[in-house]
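Here the structure comes first, spelled out in structure tokens, and everything after it is commentary.
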Amino acid sequence: MGLDGEKIERLIERIDELLVILNSVAEDLRIVAASLKSIAVSHITPDVHETYVSTSQAKTEKEERSIEEVKMMFPEDLEERLSFEEKDDFIIIKPRQFLGSENFARIASIVRGMGGDYVSAGKESHFRVPKKKF
């Protein structure tokens with residue numbers, strides 16, 4: 001391999017290194033976007049009917065997450081691969097299709113950020129996020 005071939009190899013290696021860095025930055029930006037969505041949801045103005053709800057009841061409602069709030073934590077590409085359901089004290093998140101390891105890890109990271117976890121139960125495996133905010 002000549003001098004030009006060696007230069008090309010070094011450039012290819014450098015491009016590969018830059019791609020790894022850019023992918024890391026992209027993942028960090030996804031996490032920041034999810035956090036910003038969460039903050040935005042918490043600052044949405046209450047409906048007019050909430051004005052008539054007692055103060056303690058309003059406080060309890062504010063401390064609980066809604067399905068919509070949980071959905072907003074996920075980027076669109078992940079949200080459309082998931083189904084969301086309210087059950088007792090949790091919001092249950094199930095995949096609609098095979099996620100792959102990268103998407104599974106992204107979802108698990110978002111769920112853990114909300115205080116949730118993954119429940120391994122065979123075909124009934126799911127993520128769950130507590131309704132109550134901590």
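What follows draws every value from the coordinates through simple rules; no lab data is involved. This one's a predicted model, so the numbers in the text were calculated from it and none came from an experiment. Cβ placement follows ideal geometry from the backbone for every residue including glycine, while neighbour counts extend to all protein chains displayed.
So the values come out like this:
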quantity: FRET efficiency for residue 20 and residue 64, using Cβ-Cβ distance with R0 set to 41 Å, rounded to 0.05; calculated: 0.55
quantity: Cut-off under 5 Å, modelled amide H: who pairs with residue 91 long-range; calculated: 129, 131
quantity: Segment 105-120 - phi-based ³J(HN,Hα) in whole Hz, Karplus 6.51/-1.76/1.60, Gly and Pro as x; calculated: 5, 5, 5, 4, 5, 5, 4, 4, x, 9, x, x, 8, 10, 10, 8
quantity: Extension reserve of the residue 97-residue 33 stretch, reckoned as 0.36 nm per residue once the Cα distance is removed; calculated: 20.7 nm
quantity: Neighbourhood net charge (14 Å Cβ-Cβ; Lys/Arg +1, Asp/Glu -1) for residue 88; calculated: +1
quantity: Charge tally in the Cβ shell below 15 Å around residue 125, where Lys, Arg are +1 and Asp, Glu are -1, residue 125 excluded; calculated: +3
quantity: Cα-derived Rg to Rh of segment 59-134, Kirkwood definition; calculated: 0.95
